[in-house]
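Taken together, the values in this text are just the output of simple stated rules run on the coordinates, not laboratory data. Just so it is clear, the structure is predicted and the values come from calculations on it, not from any experiment. A quick note on method: Cβ atoms are made from the backbone with ideal geometry, for glycine too, and the neighbour counts reach across all protein chains shown.
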Amino acid sequence: MHRRDFIVKLGALVLLQVAVFPSLVEATKTLPPEIAALQKRWRSLLAENAKVATDPKALAKSKEIWRKELPLESYQVLFEEDTEAPLSSHLNLEKRAGIFVCRACRLPLFSSEMKYDSGTGWPSFFTSIPGHCATKTDYKILIPRTKYHCVKCGGHQGHLFDDGPTPSGERWCNNGVALSFIPTNP
Ligand SMILES: [Zn+2]
């Protein structure tokens, strides 16, 4: 394929994504005040002396080291972008107050106040802790989807959809094996 053709096709894909997910693009621009307030107060749900990563700065750590340190199913989701079977995670039923951290590097990604029952069989959240997740476009099933990862270790967490509850309209569909839960009151 000529370079110019490639660029034209790439441009068409980007336009298609904006056309397919206009509300998601919109949702990332304006943040409802109640969501902003909830994002700000996540630390109030962190247990005293909880062992978490406090600096989101990227880690220089190889996949080979993570493979040795993590359970196989967590490694495969986080660093090979696998997807766990729906309804397989105990975190689906987790309703206590607390913080969900990345299973690999322990960076806080969600608070219990951000969780809701999406009925999909995967732990779901309607927003995330700001600056701790980053998104990329995924063409794995040809239709573009937004996948997201932990900014510290780069571990894949799940996919972001625009069919979540109001007011954010977002659904952060997470693999349970990619998270650990720290209850506020152990
Ligand atoms: Zn991480």
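Around the Cα centre of the stretch 3-183, unit charges on the Cβ atoms of Lys, Arg, Asp and Glu (plus for the first two, minus for the last two) sum to a dipole of about 560 debye. Positive-end ranking of Pro165, Ala60, Leu72 along the dipole of the stretch 3-183, with charges on Cβ about the Cα centre, is headed by Ala60.
For the stretch 44-101, trypsin sites (Lys or Arg not before Pro) meeting the loop criterion (DSSP other than H, G, I, E, B) and having at most 15 other Cβ atoms within 10 Å: Lys51, Lys57, Lys61, Lys95, Arg96. Annotation for Leu93 and Arg67: the two label points, set 7 Å from Cα along the Cα-Cβ direction, are 3.4 nm apart. Going by neighbour counts of Cβ atoms within 10 Å, the residues Ile99, Ile35 line up, fewest first, as Ile35, Ile99. For the pair the stretch 148-186 and the stretch 47-86, the centres of their Cα atoms are 13 angstrom apart.
Distance cut-off 26 Å, Cα to Cα: go down the list Lys63/Lys136; Lys40/Lys136; Lys40/Lys61; Lys68/Lys152 and report the pairs above it. Over 26 Å Cα-Cα: Lys40/Lys61. Look at Asp55, Asp138, Asp163 and count the other Cβ atoms within 10 Å of each Cβ; fewest to most, that gives Asp55, Asp163, Asp138. Loop-located GluC sites (Glu not before Pro) in the stretch 57-102 (DSSP state other than H, G, I, E, B) with a sparse environment of at most 16 neighbouring Cβ atoms within 10 Å: Glu81, Glu94.
Ordering Lys40, Lys152 by the number of other Cβ atoms within 10 Å of each residue's own Cβ, fewest first, gives Lys40, Lys152.
The charge dipole of the stretch 68-143, taken about the Cα centre with unit charges on the Cβ atoms of Lys, Arg (+1) and Asp, Glu (-1), comes to about 240 debye, rounded to the nearest 20. Estimated at 0.36 nm per residue, the fully extended path between Leu46 and Ala85 surpasses their Cα-Cα distance by 11.2 nm. Contact order, relative form, for the stretch 3-183: 26 percent (alpha carbon pairs under 8 Å, 6 or more residues apart, mean separation divided by residue count).
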